[in-house]
Amino acid sequence: MLAATRRRIGGNRGLGPLLFAQLPADFADWLDFVAVTALLTFTWSAPTHAYAWLAVGLGLPYLTVGLFAGALVDRLDLNRVLVWSNIGRAVATAALILAPNWQVLVAIIFARGCADAFFSPAKQAALQARTMEADLVFANGLSHSINQSSKIAAPALGGAMLAFLDPQGVFAFNAAVSVLAGMVLSRLDPFERPGPARAPRPILHDIAEGMRLVRQSPVLRAAITLMALGFFAMFFYDTLIAPLIEALGQDATALGLCLAALGTGGVLGGLLLGGTHGISGAFGTVAAGNLASALILGGIGLAEMAGWIAPLPLLLALFALAGVVSALALVPYRALIQSGAGAGGVGRVSALSEAANMAALLIAPFLGAALAEAVSVGAAFVAGAAITLVIALAALGLALRFRAR
C-alpha cells in the first residue's frame, strides 16, 4: 500500500512537497487550542458567554472576509497567498501574547481567522493545480489525514507544554511554527494556472461570478449543499460528546481516549480513500459514508436514551469506525468542488463552501444543546443521525442519477 501511495504521489508533479508543506501549517492551526481555553478558564475565569464569542471569532471570518479571500485567491499567485497567509497567522498568534482580556483575545482570534480564510481556499486550489483529476479524491484523502493527525497531535503537545510554559509561551512557539510553515511553502515550485494573475474588474464581480458558477452546476450545487448539511448534522452533536460519554457511564479519561480514537479513525479513513469512478462514484462514496455514520450515531444516541452503560472497548471501536466513515462522507466533496469549479474558480467556490459550513457551525450547536436539554443528550445524536441518513439517501439518488447519464 505504501509503495502504491508513493507512486501515485510521484505521478502528480509537486503534490508531495505540497502535502509536506501542509504539515506545519495544519499543526499550527491546533497547537494553541488548549492554551486559549486554559487562558480563558484558569487565568481570566472568563464568563460562559466568552466561549460563545470565541466560536463566533473562529467562524465569522469565513462568512465575511472569506468570500473576498476566495475571489482574490483566484486572481493572485498561489505561492504568495500560501506563504503570506501563514505569515499573517504568525503575526496574529504572536499578538495573542499581549491580549489583556478575553475580549481582545477574541478580536485577535478573528484577525487570525481572516488570514486563515485566505489559506483554506488557496490550499484547495493548490491541491487541484498539482493533482490529476483522476487522483483528486486520493490527494484530498491524504490532505484529510494530515489535518486529522494535526487535530490529535497538536492539542496534545499544546496541553503538555502548559506543564512548563504559560499560555503566552505556547502562543510564541505556535507563532514560530506558522513562520516555519511559511518558509516551507516558500520553497514550493511555482504553480501554473491558466489566465492572468489579476483580473481587471471589481472584486464583487468575481464573487458574483463564483455564485453564478455554483448555481449553473448541478454537481457544485449538490456537493456544497450536502457538505454544509453534513457539517450541520455533525455540529448538532459534536459539542455534546463529553456529556454523552459521561451519560454512558465513563469518565474524563475515556473521553480523551474516545476523541483520540475518533481522530485516528479519520486519519485511517483518509489514507484508505483512492480514486472513484467519476461523479457517480464520488456521490456513492458519500452515500456509503453517511449511511454508516447514521447507524453509528443513531445506535450510540439510542443507547444513551435507554440508559445503557456502554463498555469502553465498544465505545472506542465505535468512535474509531465513526472517524473512518467520516472521511468517506466528507473527502469526496472536496474533489467534486475542485473538479467542478475548474482552475479559475476553485478559490471562490471553496470559499463559498467554507462559508456555508461555518454558518452550520454557528447555528447547529445551539439547536443540539436545546434538544439535549429538552429530551436528553442522546436525542441530539439521534437527530444528527436522522439528518445524516437524509444526506445518505440524497447522495445515493445523485449517484444513480449521474451514473444513468
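Can you tell me which residues in the stretch 202-254 are open to solvent by 20 Å² or more (accessible area, probe 1.4 Å), touching a residue at least 40 places away in the same chain (Cβ under 8 Å) and of a type in the set (D, E, K, R)?
Matches in the stretch 202-254: Glu209, Asp238.
Of the numbered conditions (1) open to solvent by less than 40 Å² (accessible area, probe 1.4 Å); (2) closer than 29 Å to Ala260 by Cβ; (3) more than 19 Å from the chain's Cα centre (by Cα), Val382 satisfies every one except a single condition; which is it?
Of everything listed in (1) open to solvent by less than 40 Å² (accessible area, probe 1.4 Å); (2) closer than 29 Å to Ala260 by Cβ; (3) more than 19 Å from the chain's Cα centre (by Cα), Val382 misses just condition (1).
Restricting attention to the stretch 55-69, report how many residues are in contact with a Leu (Cβ under 9 Å, 6 or more places away or on another chain) and either open to solvent by 50 Å² or more (accessible area, probe 1.4 Å) or within 11 Å of Leu362 (Cα to Cα) (or both).
8
Is there any pair linking a residue in the stretch 99-128 that is under 17 Å from Ala175 (Cβ atoms) to one that is of a type in the set (Val, Ile, Thr) and in a helix (DSSP H, G or I), with Cβ under 7 Å and at least six apart or on different chains, and which?
Cβ pairs passing all conditions: Ala99/Ile108; Arg112/Thr93; Cys114/Val65.
Run down Ala111, Ala117 and say which single residue is surrounded by 24 or more Cβ atoms within 10 Å (Cβ to Cβ) and assigned to a helix (DSSP H, G or I). Before you say what the answer is, go through the steps one by one.
On the way: Ala111 fails: surrounded by 24 or more Cβ atoms within 10 Å (Cβ to Cβ).
Unique residue meeting the criteria: Ala117.
Check whether at least one residue in the stretch 156-165 is closer than 28 Å to Gly266 by Cα, within 25 Å of the chain's Cα centre (by Cα), at pLDDT below 90 and of a type outside the set (A, V, I, L, M, F, W, C), and report yes or no.
Yes.
So if I check each of Ala156, Ala181, which one is open to solvent by 20 Å² or more (accessible area, probe 1.4 Å), under 30 Å from Leu39 (Cβ atoms) and not charged (D, E, K, R)?
Working: Ala181 fails: open to solvent by 20 Å² or more (accessible area, probe 1.4 Å).
Checking each option against the conditions leaves just Ala156.
Within the stretch 187-196, identify whether any single residue is more than 24 Å from Leu352 (Cβ to Cβ), touching an Asp or Glu at 6+ places or on another chain (Cβ under 8 Å), surrounded by fewer than 16 Cβ atoms within 10 Å (Cβ to Cβ) and not aliphatic (A, V, I, L, M), and answer yes or no. So that I can check it myself, show each step before the final result.
Quick first cut of the stretch 187-196, residues more than 24 Å from Leu352 (Cβ to Cβ) only: 187-190, 192.
Still in the list and also touching an Asp or Glu at 6+ places or on another chain (Cβ under 8 Å): 190.
Then keep just the ones that are surrounded by fewer than 16 Cβ atoms within 10 Å (Cβ to Cβ); that gives 190.
From what is left, the residues that are not aliphatic (A, V, I, L, M) are 190.
Yes, the stretch 187-196 contains at least one residue that is more than 24 Å from Leu352 (Cβ to Cβ), touching an Asp or Glu at 6+ places or on another chain (Cβ under 8 Å), surrounded by fewer than 16 Cβ atoms within 10 Å (Cβ to Cβ) and not aliphatic (A, V, I, L, M).
Within the stretch 80-108, can you find the residues that are open to solvent by less than 50 Å² (accessible area, probe 1.4 Å) and aromatic (Phe, Trp, Tyr)?
Trp102
The values are calculated or read from the model by the stated rules, or taken from the named source; none is laboratory data. Just so we're clear, the structure is a prediction, and the values are computed from it rather than from any experiment. Cβ: placed from backbone, ideal geometry, glycine included. Neighbour counts: every protein chain shown. The protein model used for the area step is the full one, side chains on, heavy atoms only, and it has no ligands, DNA or RNA in it. Shrake-Rupley method; radii C 1.70, N 1.55, O 1.52, S 1.80 Å.
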